[in-house]
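Undergrad: Please read through the structure below; I'll follow up with questions.
FYI, it's all coordinate maths here, none of it is from the lab. Since this is a predicted model, take the numbers as computed values, not measurements. Every residue, glycine among them, receives a Cβ derived from its backbone with ideal geometry; neighbour counts consider all protein chains shown.
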Amino acid sequence: MNILFLTSPAPERAPFSTTEKRPPLGLGYLMARARLLGHQVFFVDCYLEAAAFDAEAFFSMYRVDAVALYLNTICLTGGIDLLHAVARAREDGSFKGIILVGGPHTSVGAESIPDFVDHIVIGEGEISLFEILDGQEKGRIVQGKPWQDLDTLPFLPWDLFASLPYHKSIPWVEADNVFTMNTSRGCPFSCTFCSVKSVWGKSYRYQSAGRVLAEIRHLIEVYGVEGIYFREDHFTLNKARLLEFCRGVVSSGLQFVWACETRVDALDEESITLMASSGCKAVYLGVESGSQRMLDRLGKGIQLVEVERVLMLLKKHGIVSYCSFVAGIPGETFLDLLRTKALIRRTQPGAHAFAVYVGIPGSELYREMLISGNYEHMSDNGLLFVPGYHVKTRYFYGIPSEQLVSFRFRRLTGYDLFLLLLLAGSKGGELLRRWKRRVARLAALAVGRG
């Protein structure tokens, strides 16, 4: 079979950054499996370049038996447009195959996918996609079967990825040719703001240290890779695997630097020491808040003392820490924000950034917001925006919300009033002092009347 794999183009406006362009690793495993099974693979990454795919021109040049689109919620509109373009080609006869959709969005929004799509795969596709193509699976909505032994997956189609202009660097690591890898699946944690478990489930599966090292050796020998960025939720979650990987790097003599993403409770001094000795230069940590109350609200399952301890250890061993924080979570107060800023001042991470909270389909907080109505806007792709979103983007991003979402926000919370005072600078400081004096006078008056 001739299979065309597509990604959806990024929207012109989105509440999450879409500027980082890296290979779609999940789709890559499907393409690698397709090749292994003898299929001809075509690949067009519209997320990398929105205008990369012209359906009429492509189908006039190539015979295609199946089109498989990778769809995430942020890129829903562009993905639907692509699907309609493929459907028009099928109507005019230039394309005579089937249309399939997979990717994270199918786990939370399968009902938004057009009826003309023949098959929707929810979850993993390495097994189910090919059961559909072989005629074994005939259902329209298919629950993907998990691939249990990740060591048996083929190497990713690096020849395709290496030929395209993806980002091959990361800001915290001095290396020019950095490739991304994803060596694990699933999340056993219960963060209320995250929808990852709706895609991968809560079981945690991973490639062995030896399997990871074998693919890195291939990347170094064939593509001259200088660095690896492990783009996965919990690279260090299994300590035994992590230590075996680090020791394997040292004993193998492989020369590369690396960075990873993980949690603070999946690191200790033994791990960090070995990570540093094996070339780890940076760790991305989802800290989320400097308020224990908000960490508990988010279901992080970590303590602030752990955050401070790990950041100190990373600094001690020369590993850059990048901490991400979420601002504007439903229920967060200005005092919670001040506690987050105090944590940043105390720990001085190598880098940090705030993301203004947006409700993501499939998360517990999202369901809570839908029930309570505690949101000001729902976008076409189902994202929920908190009241005062426009103030928060001004304060945390320095840009108007209109650059991120087509909606005029009007509502304000007490949290936003404090942000407005801070945005006003010195004038805001005077307003804040006057506000405090007014509150004091009102309190005295209330006592007098009592």
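Undergrad: Please give every one of the lysines within straight-line cross-link reach of K341, meaning a C-alpha to C-alpha distance under 17 Å, and leave out same-chain neighbours fewer than 8 residues apart.
TA: Candidates past the 8-residue exclusion: K392.
Undergrad: Given Cα pairs under 8 Å that are at least 6 residues apart, what percent is the relative contact order of the chain?
TA: 11
Undergrad: Under 17 Å between alpha carbons, and skipping anything fewer than 8 positions from K145 in its own chain: which aspartates and glutamates qualify?
TA: Filter leaves E124, E126, E131, D134, E137.
Undergrad: By how many degrees, between 0 and 90 and to the nearest 10, does the Cα long axis of helix 25-36 differ from the longest principal axis of the chain?
TA: 10
Undergrad: Report Rg(Cα)/(2.2 N^0.38 Å) for the range 366-431, keeping two decimals.
TA: The range 366-431 yields a ratio of 1.22.
Undergrad: Let a ≥ b ≥ c be the square roots of the eigenvalues of the Cα gyration tensor of the range 2-143; is it rounded (a/c under 1.5), or, if not, prolate (a/b larger than b/c) or oblate?
TA: Rounded, since a/c falls under 1.5.
Undergrad: I would also like to ask the following. For the residue pair A424 and Q255, what label-to-label distance in nm results when each label sits 7 Å from Cα along the Cα-to-beta-carbon direction?
TA: Distance between the two pseudo-spin positions: 6.0 nm.
Undergrad: Cross-link candidates for K300: which aspartates and glutamates have Cα within less than 16 Å, leaving aside residues fewer than 8 places away along the same chain?
TA: K300 reaches D233, E261, D265, E288, E308, E332, D336, E364.
Undergrad: OK, next. Using the alpha-carbon centroid of each, what span in Å lies between the range 1-35 and the range 176-251?
TA: 19
Undergrad: Same structure again: Which Cys in the chain stand alone, with every other cysteine's Cβ at 4.7 Å or more from theirs?
TA: When partners are defined as cysteine Cβ atoms under 4.7 Å apart, the chain leaves C46, C75, C187, C246, C260, C280, C323 without one.
Undergrad: From Cα pairs below 8 angstrom and at least 6 apart in sequence, can you work out the relative contact order of the range 184-291, rounded to a whole percent?
TA: That works out to 24 percent.
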